[in-house]
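Just so it is clear, none of the values below were taken in a lab; they were calculated from the coordinates. Treat the numbers as computed from the prediction; the structure is a model and nothing was measured. In this analysis, Cβ positions are derived from the backbone assuming ideal geometry, glycine residues included, and neighbour counts consider all displayed protein chains.
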């Protein structure tokens with residue numbers, strides 16, 4: 001296998017993930033509409049929204065600094081990198097040694113800190129409120145996410161996503177009880193980090209409840225489009241990460257072009273299922289009060305730590 | 001002397017001598033601001049650079065020893081320069097270079113007398129830290145340790161006319177002396193009855209495990225007092241706001257590291273190979289408690305220097321976690337893993353020296369330009385002070401542990417070391433490790449919260465006070481100092497492959513193994529132990545993000561347009577425009593943390609009566625340990641001294657009676 005073929009595979013994968021990202025959101029919204037007996041706006045609605053935003057003229061607050069204008073691009077760039085590291089279609093991609101799972105958490109933190117700082121930049125009440133809440137949610141979610149990764153790392157003796165996925169998918173057929181705890185924790189972190197119900201509601205602009213929307217309130221046009229798009233990429237990255245950790249069947253090796261169609265089909269199937277599941281979850285649950293969110297995330301954290309302890313109980 | 005035979009240690013002594021000379025020159029010529037500003041401090045920075053270069057060279061050299069004909073008769077000063085000393089000297093040189101450059105313009109606002117004293121003490125402080133790192137006998141070590149404590153005490157109390165500052169200085173001096181006392185006892189135990197206090201003799205002394213453990217505990221107490229380990233941290237949040245900013249930067253960036261140096265020197269060098277696992281577990285536990293405590297308190301501070309002081313406590317906690325992990329692995333002869341955690345510890349020491357000095361200097365510029373230390377009265381300074389704001393942003397991102405900057409690398413290495421903990425042959429320890437790593441991750445994640453609060457409130461948003469409109473950016477020397485430290489953060493973040501091979505000399509010396517070529521086989525990728533196991537490439541990271549950012553920027557411009565219009569921010573339909581007071585205050589931003597960790601804090605609240613015309617809500621957050629530990633101690637001391645005071649009346653005949661009774665007692669008992 002040549003490096004060029006691997007690199008091509010890498011590029012195709014990341015472009016595919018980035019372009020598919022709004023589709024996943026469209027699918028979730030569509031499923032939710034069906035569950036609520038509505039017709040829904042169609043699968044392509046997020047693309048139309050992005051297109052519209054890109055056309056608009058940016059309205060920028062007078063004292064917004066360069067940091068505010070940089071942030072959408074930085075966020076988009078770091079989400080792209082995150083999407084490139086996760087083995088979505090294939091393992092052992094040329095980008096994957098650039099960052100392991102801990103660095104992946106670092107990438108998410110990097111883009112989040114920039115967004116929180118940008119939210120505080122204009123100096124409105126909502127911006128700092130959103131920044132504070134986002135940092136609150138994330139400082140609880142981040143340890144839980146790392147603990148989930150530690151669960152997987154202890155089994156595969158690696159923090160390298162490629163090695164983790166290969167170990168979990170190919171080498172062992174044993175069931176890992178610790179991974180069940182980790183899966184539950186991961187789902188909770190996914191909901192919290194992607195501003196979904198029950199922690200945040202992406203469809204609201206009610207000041208009492210909003211977190212993510214409060215931070216992006218001052219953004220408009222192409223800046224907003226990039227931020228929205230990167231949020232879509234974040235959601236799909238988290239979903240594919242969950243797939244890679246807990247249901248890694250069908251993921252190909254890099255450069256193995258014959259396995260690629262199967263990998264794409266498996267990915268689409270799993271994404272469809274995950275999206276429908278998310279929609280169901282969001283329809284069935286209600287948003288928590290903000291100060292219940294720490295309890296929710298504390299539960300996720302404890303579940304992940306319990307998973308680690310289960311692992312050690314098993315080996316000792 | 002033949003030039004080819006000059007050893008690094010000779011250069012280092014020259015550097016120390018130069019610092020002392022510069023201090024004296026400053027004390028004499030302190031009247032002439034321009035001299036101090038253009039000559040003394042820039043020269044001092046040059047000496048720092050010399051120290052940096054020499055110690056970089058000395059890292060790879062075999063250890064050098066030297067006996068100075070100074071000191072007491074028959075008790076000369078022993079000096080030794082090995083890799084550990086060289087590494088910490090490098091840290092001292094690197095951080096003090098930035099701080100000295102910065103100080104060049106900082107001293108211009110002082111009055112003549114203060115400036116003279118400041119110059120002298122500043123340079124004595126630097127020289128005593130360097131001497132401390134070179135010391136090869138307990139006697140010189142303690143002399144340097146005490147002169148470091150004293151000179152820094154005088155630096156903290158530079159503005160000694162303010163009572164609060166005198167109080168802060170007193171607390172610092174008191175705790176420093178408690179620590180020094182513990183160290184004196186510790187060295188007393190270490191000599192093992194031979195009466196020889198050179199480190200070479202201490203290394204050869206064989207101690208029973210009881211005495212070794214006592215020595216370790218005393219060292220932990222003594223160095224912990226200097227480093228700000230719980231519960232001896234109380235001086236840090238008092239002394240840092242009191243001290244001038246360059247002094248805070250040096251104390252936090254370098255002086256705390258001398259305690260880490262001392263702890264490493266005693267546990268891994270002088271007490272080599274005789275530690276039970278409990279030592280490591282104790283250090284780990286104390287480190288975690290300190291880290292969590294420090295960061296939770298940092299989150300609720302509203303004074304920016306106090307916030308940074310608590311953040312230093314957190315970082316010391318992280319360093320101690322690293323030391324604890326090193327000791328644990330070393331106990332079970334897992335030397336490669338001990339080397340991994342030691343590398344993380346050393347790397348973090350270096351990182352902390354850079355970013356904490358940078359942040360303290362940044363707050364110094366802000367304080368200087370606005371006269372405000374209170375976060376609630378700042379805001380929007382990114383427009384007024386762009387140099388300070390952008391360099392401090394780098395420090396902020398670095399200390400928050402974000403890739404691709406330096407704070408992330410040491411934390412990453414430490415987490416990797418944690419992931420190897422299943423190799424420990426002790427089942428209970430292995431069970432505790434996940435919880436320990438979880439606590440560490442929590443502290444690190446909370447640090448990001450704290451830093452967003454710090455940066456967002458000081459530099460972003462709208463100015464909360466009208467006088468902030470007059471704030472001016474830092475002067476040229478200050479900019480140089482800030483830029484050097486920020487560049488250090490970036491370099492250490494992007495080029496771990498160049499740094500880690502240097503650290504290998506230290507780990508090989510202390511734990512007998514090193515990450516070696518495996519860690520940096522490829523200049524692009526950092527792979528401790530095994531590439532399949534973990535790898536990270538900061539350059540790649542930065543490269544991909546930069547490429548995508550550039551491509552997106554041009555693609556959006558090309559496919560759509562770049563039109564932009566300035567307007568007021570959205571005012572939610574209110575008739576009046578947005579007020580700066582509507583922004584979060586420091587208290588508001590810290591409020592969720594206060595609510596979550598409420599049992600940690602000592603909170604005094606005054607609920608106002610809502611029917612009053614001007615209800616006032618007051619909330620005071622204090623260090624819980626003051627109330628749990630120090631207040632009772634003070635009360636006991638007070639009561640004891642009250643009893644003793646009863647014997648004291650100032651009447652001669654009573655004192656004569658005491659003497660008479662004593663004599664009588666002596667006659668009866670000591671016949």
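Extending 7 Å from Cα along the Cβ direction at residue B:651 and again at residue B:618 yields two label points whose distance is 4.4 nm. Working from Cα positions, state the angle (0 to 90°, nearest 10) between the long axis of helix A:221-246 and the longest principal axis of chain A. Between helix and principal axis, roughly 20 degrees.
The stretch B:327-391 and the stretch A:180-222 have their alpha-carbon centroids 31 Å apart. Angle of helix A:3-35 to the longest C-alpha principal axis of chain A, folded into 0 to 90 degrees and rounded to 10: 60°. Projected label points at residue B:38 and residue B:601, each 7 Å from Cα along the beta carbon direction, are separated by 5.0 nanometres. A straight chain from residue B:162 to residue B:53 at 0.36 nm per residue would run longer than the Cα-Cα distance by 35.2 nm. Straightening the chain between residue B:658 and residue B:46 buys 214.0 nm, computed as 0.36 nm per residue apart minus the Cα-Cα spacing. Largest GNM mean-square fluctuation across A:110, A:76, A:150, computed for chain A with C-alpha springs under 10 Å, falls on A:110. Ordered by the count of other Cβ atoms within 10 Å of each Cβ, fewest first, B:305, B:453, A:270 give A:270, B:305, B:453.
Residue separation of residue B:565 and residue B:551 scaled by 0.36 nm, minus their Cα-Cα distance, works out to 2.7 nm of gained length.
Rounded to the nearest 500, the 222 nm mean residue ellipticity of chain A from helices alone is -23500 deg cm²/dmol, with -39,500 (n - 2.57) taken per DSSP H run of at least 4 residues. Residues A:124, B:326, ranked from the fewest to the most other C-beta atoms within 10 Å, line up as A:124, B:326.
Once a ≥ b ≥ c are taken as the square roots of the eigenvalues of the Cα gyration tensor of the stretch A:217-316, is the result rounded (a/c under 1.5), prolate (a/b larger than b/c) or oblate (a/b not larger than b/c)? In terms of gyration-tensor shape, oblate. Taking every DSSP bridge with both residues inside the protein assembly as shown, close to 75 percent are antiparallel. Rounded to whole Å, give me the distance from the Cα center of the stretch B:6-77 to that of the stretch A:226-244. So the two Cα centres are separated by 55 Å. Note on residue B:75 and residue B:637: with the Förster distance fixed at 35 Å, the Cβ-Cβ geometry gives a FRET efficiency of about 0.50. In terms of its C-alpha gyration tensor, chain B has a rounded overall shape, because the principal axis ratio a/c (a ≥ b ≥ c, square roots of the eigenvalues) stays below 1.5. Between A:232, A:205, A:62, the GNM of chain A built on Cα springs shorter than 10 angstrom shows A:62 fluctuating the most. Exposure proxy ranking for B:624, B:423, B:533, based on other Cβ atoms within 10 angstrom of each Cβ and starting from the fewest, stands as B:423, B:624, B:533.
Determine the shape class of the stretch A:135-270: with a ≥ b ≥ c the square roots of the Cα gyration tensor eigenvalues, call it rounded for a/c under 1.5, and otherwise prolate if a/b is greater than b/c, oblate otherwise. Oblate. Per q in 0.15 Å⁻¹, report the Debye log10 I(q)/I(0) for the stretch B:401-506, using one uniform scatterer on each alpha carbon and no solvent. With one equal scatterer per Cα and no solvent, log10 I(q)/I(0) is -0.90.
Sequence gap at least 6, Cα distance under 8 Å: using those rules, report the relative contact order of chain A to the nearest whole percent.
The value is 31 percent.
Each residue, residue A:66 and residue A:291, gets one label point 7 Å from its Cα in the Cβ direction; the gap between the two is 4.2 nm.
Just to confirm the number: angle between the C-alpha axis of helix A:177-193 and the first principal axis of chain A, 0 to 90 degrees, nearest 10? For helix A:177-193, the angle is close to 20 degrees. Relative contact order of the stretch B:333-560, taken over Cα pairs closer than 8 Å and 6 or more residues apart, is 30 percent.
If you take the Cα centroid of the stretch A:64-99 and the Cα centroid of the stretch B:95-157, the two points sit 45 Å apart.
Averaging the sequence gap over all C-alpha pairs within less than 8 Å and six or more residues apart, then dividing by the number of residues, gives chain B a relative contact order of 12 percent.
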